[in-house]
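Read through the structure below, which is laid out as structure tokens, and then see the notes.
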């Protein structure tokens, strides 16, 4: 069975959800092996084994904490050269895509980014599904040269436990000159709330121009908190200063693919659709029955969001009581 390398996305040893999804997808292709780069990452090993990582390559190097993506590139490229894996999977984050591109170049391999699904092809190699041209088309693709290097969008699948006791192998990596050419000189911790990360959330509730003011986003937030969801915003709402840019969903913002996407007061311009069209279920609330968002929505409510959303919250709370 082919070994499938998965680059671990973690924060101080806490494994992020997209990595657990990658391990689940990797089991469709072969035997998952996790590549864990960074010092003090031992707490991650248990979580990786719980989700099917038969082997964990530990690169416990201080360079990984103080340098940019190149230590992970060096680690993946050298481990891949030694193991000849069936594929290399990475999260489709900015760092993940940069790392993937550099690894593919090092290995002389083909690269696929932003996959939303992976299956095994007739030859056992990975076949991916992608949404392209602003999510207008769904295409399948496979790599024809070298080790397939693939980045996968969050929420491509649900993480499924498959407990094993992983073999842990510590690796000493020879970091090249490129790895030390740029250093992190300072860090400012990002303020985190109680809501899930936008890219990782199973449910996203977004508001647009129809929210009509920053003070009215409390309506969107209340629905999100009732559902345990992340809060998103359209470009129009962000440009108006009603919500932070980090919450923008769209082609020039964050691309999300949750199980449920609730769009309130969003017309559905192509720029926004490109960032959420791969959501599993889309619900739209808009006063304009001809709004383009209804062409995309699985369920639509024609009505005033300030009347519809409070009723939704009341109904959810009633059913939970």
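Residue-by-condition table, conditions (1) under 11 Å from residue 264 (Cα atoms); (2) outside any helix (DSSP H, G or I); (3) touching a residue at least 24 places away in the same chain (Cβ under 8 Å):
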position: 197; (1), (2), (3): no, yes, yes
position: 201; (1), (2), (3): no, yes, yes
position: 215; (1), (2), (3): no, no, no
position: 220; (1), (2), (3): yes, no, yes
position: 225; (1), (2), (3): no, no, yes
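Exactly one condition in (1) under 22 Å from residue 118 (Cβ atoms); (2) under 17 Å from the mean Cα position of the chain (by Cα) is not met by residue 14; state its number.
Here residue 14 meets the rest and fails (1).
Can you name the residue in the stretch 1-25 that is touching a residue at least 60 places away in the same chain (Cβ under 8 Å) and farther than 20 Å from residue 199 by Cβ and is also surrounded by the fewest Cβ atoms within 10 Å (Cβ to Cβ) among such residues?
Among residues in the stretch 1-25 that are touching a residue at least 60 places away in the same chain (Cβ under 8 Å) and farther than 20 Å from residue 199 by Cβ, the one surrounded by the fewest Cβ atoms within 10 Å (Cβ to Cβ) is 2.
Can you confirm whether the stretch 171-178 contains a residue that is more than 21 Å from the chain's Cα centre (by Cα), outside the structural domain of residue 38 (by TED's automatic domain parsing) and in a loop (DSSP other than H, G, I, E, B)?
no
Looking only at the stretch 281-296, which residues are surrounded by 20 or more Cβ atoms within 10 Å (Cβ to Cβ) and in a loop (DSSP other than H, G, I, E, B)?
Within the stretch 281-296, just 291 meets the criteria.
Given the conditions (1) touching a helix residue (DSSP H, G or I) at 6+ places or on another chain (Cβ under 8 Å); (2) assigned to a loop (DSSP other than H, G, I, E, B); (3) at pLDDT 90 or above; (4) buried (at least 16 other Cβ atoms within 10 Å of the Cβ), which single one is not true for residue 165?
(4)
Name the helices (runs of 4 or more DSSP H) wholly within the stretch 28-94 that hold at least 2 residues that are assigned by TED's automatic domain parsing to the domain that holds residue 166 and buried (at least 23 other Cβ atoms within 10 Å of the Cβ)?
Those helices (runs of 4 or more DSSP H) span 43-50, 70-83.
Residues are listed down the side, and each one gets a yes or a no for (1) under 24 Å from residue 257 (Cα atoms); (2) without any contact (Cβ under 8 Å) to a residue 60 or more places away in the chain; (3) more than 19 Å from the chain's Cα centre (by Cα):
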residue: 94; (1), (2), (3): yes, yes, no
residue: 115; (1), (2), (3): yes, yes, no
residue: 119; (1), (2), (3): yes, no, no
residue: 143; (1), (2), (3): yes, yes, yes
residue: 154; (1), (2), (3): yes, no, no
residue: 169; (1), (2), (3): no, no, yes
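Of the residues 241, 193, only one is modelled with pLDDT of 95 or more, surrounded by fewer than 18 Cβ atoms within 10 Å (Cβ to Cβ) and in a loop (DSSP other than H, G, I, E, B); which?
Exactly one of 241, 193 is modelled with pLDDT of 95 or more, surrounded by fewer than 18 Cβ atoms within 10 Å (Cβ to Cβ) and in a loop (DSSP other than H, G, I, E, B), namely 241.
Tell me yes or no: at least one residue of the stretch 33-44 is out of contact with any helix residue (DSSP H, G or I) (no Cβ under 7 Å at 6 or more places or on another chain) and modelled with pLDDT of 95 or more.
Yes; the residues of the stretch 33-44 include at least one that is out of contact with any helix residue (DSSP H, G or I) (no Cβ under 7 Å at 6 or more places or on another chain) and modelled with pLDDT of 95 or more.
From the list 248, 277, exactly one residue is buried (at least 17 other Cβ atoms within 10 Å of the Cβ) and at pLDDT below 90. Which is it?
Criteria check complete, one pass: 277.
So residue 231 fits all but one of (1) at pLDDT 95 or above; (2) on the phi < 0 side of the Ramachandran plot; (3) surrounded by fewer than 23 Cβ atoms within 10 Å (Cβ to Cβ); what number is the exception?
(3)
The conditions are (1) at negative phi; (2) touching a helix residue (DSSP H, G or I) at 6+ places or on another chain (Cβ under 7 Å), and residue 250 fails exactly one of them. Which is it?
Answer for residue 250: the failing condition is (1).
May I ask you to list the residues in the stretch 1-14 that are over 14 Å from residue 89 (Cβ atoms) and either out of contact with any strand residue (DSSP E or B) (no Cβ under 9 Å at 6 or more places or on another chain) or assigned to a loop (DSSP other than H, G, I, E, B) (or both)?
Listed by number, the residues that qualify are 1, 11, 12, 13, 14.
The values are calculated or read from the model by the stated rules, or taken from the named source; none is laboratory data. If you're wondering where the values come from, they're calculated on a predicted model, not measured in any experiment. When we count neighbours, we look across all protein chains shown, and the Cβ atoms used for this are built from the backbone with ideal geometry, even at glycine.
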